[in-house]
Amino acid sequence: MITRRAQGREFRLRPCDKTNAIIRYVVAVIRERTGIELLCLVALSNHWHLCVSDPEGRICEFTRDCHSFIARAVNAAHGDFENLWSTEQTSHLTCAEPSDMIAKIAYSMANPVEARLVAHGKSWPGVRAAWPAKPRVVRRPENFFRSEEDGGIWPETAILEFSRPPGYKDKSDEELAGMIQTAIERREEYFRQKARREGKSFLGRRRVLEQSHRYRAAHMPALPHSGPARRRLRHIHCPPRAAAGPATIRR
């Protein structure tokens, strides 16, 4: 399981059509190049989780290239020049047992609910998918990735494909998919009940999309249930930071 946060916990990966398309495309291309088997992919506003299997021992190459090109493409899309990713070391967790991987997939897929962003994971407007999701053809986003015809290395389309988690050879695809879905639903329901017990509410899909990508989770106050205090959330911004010079990389 791979986890990395955005610099300063800012919402630099906040869902939008451009950011979602960049994440899907980069992961799809780099997965094809490195032979990584993608089991689960979830991008929240200020961090992301990937559950993968690495049969060819190329996980370092995969994470390096995904982080590098997602950062540059998202920065270009939003007119930013600063670090997108935190300088903290990327978290890599190795699952010793097949059941550990199922647990990590459930953790990742239920993360939008645990963070009280949406009440149901399927409502998350960002990238969120896991096996047995069907393969998806993703097109090359405009204005950053150079095509092979223009001297670049980026194909017009790529396939975002998820692989069956290892282990469970005694289970059919239908049985294993049911196990994963049950684990996700149980975890989501736990956090819905926890929110009710604590009198907390969920931000909701619409307000997630209204947030600035310069918001920071640490600066967001407890979410009011309703009224003027809730409406004022859209006006809370982080202090601006000094811009850094643009980096160059072959794309």
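Where a number appears in this text, it was derived from the coordinates with a stated rule and is not lab data. Because the structure is a prediction, the values reported are computed rather than measured. Please note: Cβ atoms are built from the backbone with ideal geometry, for glycine as well, and neighbour counts cover all protein chains shown.
A compact table of results
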| quantity | calculated |
| --- | --- |
| Total charge dipole magnitude, segment 79-227, about the Cα centre, Cβ charges on Lys, Arg, Asp, Glu only, Debye to nearest 20 | 860 |
| Electrostatic dipole magnitude of the chain [Cβ: Lys, Arg +1; Asp, Glu -1; Cα centre; debye, to 20] | 1440 |
| Listed pairs Lys134/Lys200; Lys171/Lys200; Lys169/Lys200; Lys104/Lys200 exceeding 32 Å between Cα atoms | Lys134/Lys200; Lys171/Lys200; Lys169/Lys200 |
| FRET efficiency, Ala217 to Ser172 (Cβ-Cβ, R0 51 Å, nearest 0.05) | 0.80 |
| Ranked list, fewest to most other Cβ atoms within 10 Å of each Cβ, for Met101, Met1, Met109 | Met1, Met101, Met109 |
| Mean Kyte hydropathy of -0.5 or more with a Cα span along the axis of at least 20 Å, helices from DSSP in the chain | 17-34, 59-78 |
| Ellipticity estimate at 222 nm from DSSP helix runs (n ≥ 4, -39,500 (n - 2.57)) divided over the chain, nearest 500 | -11000 deg cm²/dmol |
| Positive-pole candidate from Ala28, Ala77, His67, dipole of the chain, charges at beta carbon | Ala77 |
| Mean Cα-pair separation over length for the chain, i.e. relative contact order, pairs under 8 Å, 6 or more apart, % | 27 |
| Size of electric dipole in segment 26-121: Cβ of Lys, Arg +1 and of Asp, Glu -1, about Cα centre, debye, nearest 20 | 180 |
| Additional length obtainable on full extension of the chain from Glu32 to Glu97, 0.36 nm per residue less Cα span | 20.8 nm |
